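Okay, structure first, notes after.
Values in this text are rule-based calculations from the coordinates and carry no lab data. Treat the numbers as computed from the prediction; the structure is a model and nothing was measured. Note: ideal-geometry Cβ built from the backbone for every residue, glycine included; neighbour counts use all protein chains shown.
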Amino acid sequence: MEQQDKKEKKSKIPWTLLFNIFIFGLTFFLIIYFIVSKDGIIDLIKSGMEITPVWLIVAVFVHLANITIDAFVIYLSLKQTEPKAKKRMAITTALVGQFYCAITPSATGGQPMQILSLTRMGISGANATSTLISKFLVWQFTLTIYSIVAFIARFSFFMQNLSPTMWIFAIIGFLLQVAVIVGLLLASFSSKTTSRVVAWAIRLLAKIHILKQPEERIASITASIRLFSENNKNLRKNKRLLVQMFLLTALQMTAFFLVPFCIAQAFGIKCNVLDMLFAQAYVNMVSSLMPLPGGSGAAEYCFSAFFATYFSELTMKSAILLWRTITYYGTIVLCLPFSGLKKKTKVPTTVEEVKETAVESAEAVATIAQEKN
């Protein structure tokens, strides 16, 4: 009987393998669909429509600028705790983050793997986490401000061009961004209150058998919240660094959001650059609600919904394929050589695995924080 049970366990297909097969299949299907379907890229080529290659090259360069600025922001933050830090460390960390954000659900694997990357380059766990916390905090605040400005500045544009369904998703995405900011502010200015709320939530999840070992998780997360609060105090003291990081992050987002505008210019489409920027901001925000790597499927649908005013039926599918190739598939290919942190390092590919990696990182940081205290 024992041998039979062992055989059944061995023959069982792992969930991660099924998940990866599904994502690969979905991605492959979407690429083929946008190439060969009606009004796809083949039909666009046959139509004889003139495309300006220079603008496509510009689109690639603005995306590379996005990654470059990302690395520079990491470098600025890292230098505060590690004066001897090298620029190559920040570049590698940025590329690792881009890669694991692209291949993990809702981009949740980026930060844990960046912490692992920095620690393998000789940076202490506490300083690595501090660096990424500072960057995450600035990124979330900047993104929320960007979303608010977009909502106010182009309210009438969105009202006229979005379906009620997309409006609902846009509002949900916006409210989630605000909720994240409220949580970050609470953790920054009242770590004790945040720790109590988190402890209550974890014990509740343990009672309904969703989480195990609640007290251990509470201890590690509480230590991480304390570390986050201390790090945020230090960041607020260095106002010059804070301003630099905010301005560079806003520039980074703008570079990334400019890609659809460049593609539209390549197709000779007249459009308002602010409309394109703000529409792309909401495409990112709404598609991130889909818990799949790169928001596969949702990203393409959101793009078609927000940019339907500009791209015609003939150009829409080609625009989506070019946009995803530059900002998603191209990013994976570019960053792939930097993804191998260590042969024994397990790459998180599902939400549960990402959570486990994050908890492990938090526990390591908690130990370091306790030793310092």
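Give the distance, in whole Å, between the Cα centre of region 234-293 and the Cα centre of region 59-120.
17
By how many nm would the segment from N238 to V182 lengthen if fully extended, with 0.36 nm per residue of separation less the alpha-carbon distance?
Full extension of this stretch gives 18.0 nm more.
Starting from the Cα of K270, step 7 Å along the direction of its Cβ; do the same at A250; then give the gap between the two resulting points in nm.
3.0
Which entries of K135/K317; K87/K239; K86/K192; K87/K135 show an alpha-carbon separation above 25 angstrom in the structure shown?
Details: K135/K317 34 Å; K87/K239 22 Å; K86/K192 35 Å; K87/K135 16 Å.
As for pairs spanning more than 25 Å Cα to Cα, those are K135/K317; K86/K192.
Using the beta-carbon distance between K212 and K84 and R0 = 41 Å, what value does 1/(1 + (r/R0)^6) give for FRET efficiency, to the nearest 0.05? Could you put the intermediate results ahead of the total?
Details: r = 41 Å, r/R0 = 0.99.
Efficiency for this residue pair is about 0.50.
Using the Karplus equation 6.51 cos²θ - 1.76 cosθ + 1.60 (θ = phi - 60°), what ³J(HN,Hα) coupling, rounded to whole Hz, does each residue of region 284-297 give in order, writing x for Gly and Pro?
4, 5, 6, 5, 5, 5, 7, x, 10, x, x, x, 3, x
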